[in-house]
Amino acid sequence: SLWDSREMMESYLEKEMGVVAPCLSDVVGPLIGARLIHSAGGLSRLAKLPSSTVQVLGAEKMFFKFLKEGGKPPKHGVLFQHPWVHSLPVSKRGKMSRALANAASIASRIDAYGSGDPTPLKERLDRRRDEILKKEEGPKRGGGRQPPFREGWWADKPLPKRGRGRRSRGRGKRK
């Protein structure tokens, strides 16, 4: 019965989003579009927000925790639930989330301030998605201290010994 009620709610939400925000519903989907509208506090407020804010809508707790304590900022909020974002590797999720937020911001402005066709917006988003998917990941950066560069005439010289160094605090014997 829970699945049936969920499907009824989703179908109702899809119909309502088709009336209230058809462009936003076409670009990011009716469920995610409704969550964005809810998080922003309405369609007109969502239309006024910049795309960088749309990207982190739904991750307000983590964003303010980042501002207060430091660390890494959140890359995505509600948009993480979009299949294009959560199916990607971690290194590409931020780029895809940024592209979706940009398209969602423009679509919400179309819905709030006038009518328009979302087809060019969807085509541009598809091209951006293909670019993100095709772009190869760069070499992984190693962590920590890198070994010294050992080529050339100095390669034969021994590496410095690790230890206390030359300073001893008077505990050793002096000559």
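Kindly provide the set of residues from region 44-73 that are free of Cβ contacts under 8 Å to residues at least 24 places away in the same chain and either closer than 27 Å to ASP111 by Cα or acidic (Asp, Glu) (or both), ordered by number.
Once the filter is applied, which keeps residues that are free of Cβ contacts under 8 Å to residues at least 24 places away in the same chain and either closer than 27 Å to ASP111 by Cα or acidic (Asp, Glu) (or both), region 44-73 yields ARG45, LYS48, THR53, VAL56, LEU57, GLY58, ALA59, GLU60, GLU69.
Can you tell me which of SER108, SER97 is assigned to a helix (DSSP H, G or I), among the hydroxyl-bearing types (Ser, Thr, Tyr) and in contact (Cβ under 8 Å) with a residue 60 or more places away in the chain?
Selected residue: SER108, the only one of SER108, SER97 that is assigned to a helix (DSSP H, G or I), among the hydroxyl-bearing types (Ser, Thr, Tyr) and in contact (Cβ under 8 Å) with a residue 60 or more places away in the chain.
Could you tell me how many of the residues in region 74-94 are in a helix (DSSP H, G or I), in contact (Cβ under 8 Å) with a residue 24 or more places away in the chain and more than 20 Å from ALA40 (Cα to Cα)?
3
Let's see how each residue does on (1) in a helix (DSSP H, G or I); (2) of a type outside the set (Ser, Thr, Tyr); (3) under 24 Å from LEU133 (Cβ atoms); (4) open to solvent by 20 Å² or more (accessible area, probe 1.4 Å):
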residue	(1), (2), (3), (4)
ARG6	yes, yes, no, yes
LEU46	yes, yes, no, no
SER52	yes, no, yes, yes
PHE66	yes, yes, no, yes
ASN102	yes, yes, yes, yes
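Can you give me the number of residues within region 70-91 that are surrounded by fewer than 17 Cβ atoms within 10 Å (Cβ to Cβ) and either over 23 Å from LYS48 (Cα atoms) or of a type in the set (Asp, Glu) (or both)?
9
Where residues in region 55-64 are assigned to a helix (DSSP H, G or I) and open to solvent by less than 90 Å² (accessible area, probe 1.4 Å), which of them is farthest from ALA40 (Cα to Cα)?
PHE63
Of the residues SER87, SER97, only one is of a type in the set (Gly, Ala, Ser), under 11 Å from the mean Cα position of the chain (by Cα) and more than 22 Å from PRO22 (Cβ to Cβ); which?
Matching residue, one of SER87, SER97: SER97.
Within the group ILE110, ILE106, which residue is under 20 Å from PRO22 (Cα atoms) and in contact with a Pro (Cβ under 8 Å, 6 or more places away or on another chain)?
Among ILE110, ILE106, only ILE110 is under 20 Å from PRO22 (Cα atoms) and in contact with a Pro (Cβ under 8 Å, 6 or more places away or on another chain).
Select from region 16-30 the residues that are assigned to a helix (DSSP H, G or I) and either surrounded by fewer than 12 Cβ atoms within 10 Å (Cβ to Cβ) or of a type in the set (A, V, I, L, M) (or both) and write down the one among them that is nearest to the chain's Cα centre (by Cα).
Ranking the candidates gives VAL28 first.
The values are calculated or read from the model by the stated rules, or taken from the named source; none is laboratory data. Predicted model only: the values in this text are computed from it and were never measured. No Cβ is skipped: glycine too gets one built from the backbone with ideal geometry, and neighbour counts run over all protein chains shown. Ligands, DNA and RNA are stripped out before the accessible areas are found, and what is left, the full protein with its side chains, is counted by its heavy atoms. Shrake-Rupley method; radii C 1.70, N 1.55, O 1.52, S 1.80 Å.
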